[in-house]
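The values are calculated or read from the model by the stated rules, or taken from the named source; none is laboratory data. Just so it is clear, the structure is predicted and the values come from calculations on it, not from any experiment. Cβ placement follows ideal geometry from the backbone for every residue including glycine, while neighbour counts extend to all protein chains displayed.
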Amino acid sequence: MSSNHSADYDVIAVGAGFAGISLSYHLREAGFNVKVFDRANDVGGTWAWNKYPGAATDSESYYYCFSFSKEVMQEWSWSKRYSGWEETQNYLKFVMDKFSLWPMFQLSTEVESAEFDNETGLWNVRTQGGETHTAKYFISAMGMISQPVLPNIPGQDRFAGPIFHSSRWPEGLDVAGKRVGIIGAGATTVQMLPEVAKTAAQVTVFQRTPNFVLPAMQKDMTPEWEKEIKDNYDEIIAKARNHMFGMAFEQPPGRNAVDTPPEEVQRIFEEHWNGSFRWVFETFDDLLGSAEANQMASDFITSKIAEKVDDPELVELLTPKGYPLFAKRPPLDHGYYEAFNRDNVKLVDI
């Protein structure tokens with residue numbers, strides 16, 4: 001619908017993460033007047049909130065980035081295979097500075113409502129602070145995990161210590177010498193536990209469902225590796241664009257686990273056990289489509305738990321059961337299983 005009414009902006013968007021930054025750049029390049037709101041006090045989206053110890057990407061940093069500027073891809077240097085939250089946020093600020101995107105962003109501003117007016121053909125966007133702005137187009141770039149959910153646990157009001165969601169980790173919090181309880185055994189705990197356990201007096205993990213956990217095999221970015229990446233960025237980005245999940249992996253290998261001798265399946269699994277989700281996508285074509293092949297992969301992953309965890313009872317508790325590999329996204333391991341060998345770490349299976 002075209003409108004004869006004047007709008008404050010061509011486009012209003014909510015969310016200052018990867019999506020909000022990308023759309024601000026591209027829409028401005030196309031000649032649109034853009035405003036982006038975010039309730040956080042900094043850009044980054046999930047990386048403006050998730051600042052708990054160990055928070056990091058589970059996609060390799062060198063393609064967990066924008067591809068619209070080859071100049072940025074050559075100028076920016078990643079320090080590790082998987083960047084931590086701070087480095088990722090610094091990268092986003094670098095992009096904001098590089099292309100002078102800051103004037104389009106209004107931070108520490110929560111959007112309360114966005115309603116389309118059929119008479120004017122414009123969106124009326126109201127902030128929690130009482131501001132009202134109009135736009136021809138409204139875009140939600142908030143992602144799926146912007147709002148934490150705290151469980152209502154009976155008796156928590158009697159707990160004397162601090163209670164908080166991991167995505168709202170208090171700035172400056174030091175857990176050294178403290179007793180820490182972590183509720184949940186998902187990706188956040190897999191990243192957080194090894195770091196918290198280093199200094200806490202005791203860490204108790206309350207687990208409902210154990211996860212399939214793949215190795216991250218974190219490593220530093222060497223000058224030689226960085227040069228190889230930057231010399232081949234076109235090919236790397238092409239791989240990511242052609243992959244079903246946007247990851248710069250090789251194409252499916254053209255072989256099925258169910259048609260391969262068992263000893264060869266094990267050899268290939270072991271050969272590719274070198275970090276990231278590549279293990280799933282570069283070994284066999286049928287791991288996600290065949291129940292039999294999926295079980296082979298699941299058995300291999302769970303066999304690795306016993307290689308890292310000393311206590312057989314803990315191995316049993318940490319072994320996923322009753323659901324297939326990739327029924328949910330597996331976390332990447334930065335020392336998660338080894339943390340359970342520490343005297344100050346306890347697992348409570350609920």
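Checked against (1) under 22 Å from the mean Cα position of the chain (by Cα); (2) of a type in the set (Val, Ile, Thr); (3) closer than 23 Å to Pro331 by Cα, Ile229 meets all criteria but (3).
The set of residues from the stretch 121-133 being closer than 15 Å to Gln106 by Cβ and either touching a helix residue (DSSP H, G or I) at 6+ places or on another chain (Cβ under 8 Å) or surrounded by fewer than 19 Cβ atoms within 10 Å (Cβ to Cβ) (or both) comprises Arg126, Thr127, Gln128, Gly129, Gly130, Glu131, Thr132. For the stretch 248-257, a tally of residues being under 14 Å from Leu287 (Cβ atoms) and exposed (fewer than 12 other Cβ atoms within 10 Å of the Cβ) returns 1. Can you pull out every residue in the stretch 233-247 that is on the phi < 0 side of the Ramachandran plot, surrounded by 13 or more Cβ atoms within 10 Å (Cβ to Cβ) and either part of a loop (DSSP other than H, G, I, E, B) or among the basic types (Lys, Arg) (or both)? Within the stretch 233-247, Lys239, His243, Met247 meet the criteria. The single residue among Thr260, Thr302 that is buried (at least 17 other Cβ atoms within 10 Å of the Cβ), within 26 Å of the chain's Cα centre (by Cα) and among the hydroxyl-bearing types (Ser, Thr, Tyr) turns out to be Thr302.
Per this entry, Arg342 is not counted among residues that are in contact with an Asp or Glu (Cβ under 9 Å, 6 or more places away or on another chain), of a type in the set (D, E, K, R), surrounded by 14 or more Cβ atoms within 10 Å (Cβ to Cβ) and not assigned by TED's automatic domain parsing to the domain that holds Asp58. For the stretch 97-109, filtered to residues that are in contact (Cβ under 8 Å) with a residue 12 or more places away in the chain and closer than 24 Å to Ser6 by Cα, the residue that is surrounded by the fewest Cβ atoms within 10 Å (Cβ to Cβ) is Gln106. When Gly45 is tested against (1) buried (at least 19 other Cβ atoms within 10 Å of the Cβ); (2) farther than 30 Å from Arg329 by Cβ, exactly one condition is not met: (2). The single condition among (1) within 28 Å of the chain's Cα centre (by Cα); (2) not assigned by TED's automatic domain parsing to the domain that holds Trp49 that Phe159 does not satisfy is (1). Sub-8 Å Cβ pairs linking a first residue in the stretch 12-39 that is in contact (Cβ under 8 Å) with a residue 12 or more places away in the chain to a second residue that is crowded, with 21+ Cβ neighbours inside 10 Å and among the polar types (S, T, N, Q), at least 6 apart or interchain, are Ala13/Ser24; Val34/Ser24; Val36/Ser24, ordered by first then second residue. The selection criterion, being part of a loop (DSSP other than H, G, I, E, B) and either acidic (Asp, Glu) or closer than 29 Å to Tyr233 by Cα (or both), does not hold for Phe94. When Ala16, Ala40 are checked against the criterion of being surrounded by fewer than 22 Cβ atoms within 10 Å (Cβ to Cβ) and hydrophobic (A, V, I, L, M, F, W, C), Ala40 stands alone in meeting it.
State whether one or more residues within the stretch 63-80 are within 19 Å of Arg39 (Cβ to Cβ), surrounded by 15 or more Cβ atoms within 10 Å (Cβ to Cβ) and in the same structural domain as Ala13 (by TED's automatic domain parsing). No. The residue of the stretch 142-190 that is surrounded by the fewest Cβ atoms within 10 Å (Cβ to Cβ), among those that are modelled with pLDDT under 95 and β-branched (Val, Ile, Thr), is Val149. Restricting attention to the stretch 248-257, does a residue exist that is outside any helix (DSSP H, G or I), closer than 25 Å to Lys70 by Cβ and touching a strand residue (DSSP E or B) at 6+ places or on another chain (Cβ under 8 Å)? Looking for residues that are outside any helix (DSSP H, G or I), closer than 25 Å to Lys70 by Cβ and touching a strand residue (DSSP E or B) at 6+ places or on another chain (Cβ under 8 Å), one finds none in the stretch 248-257, hence no.
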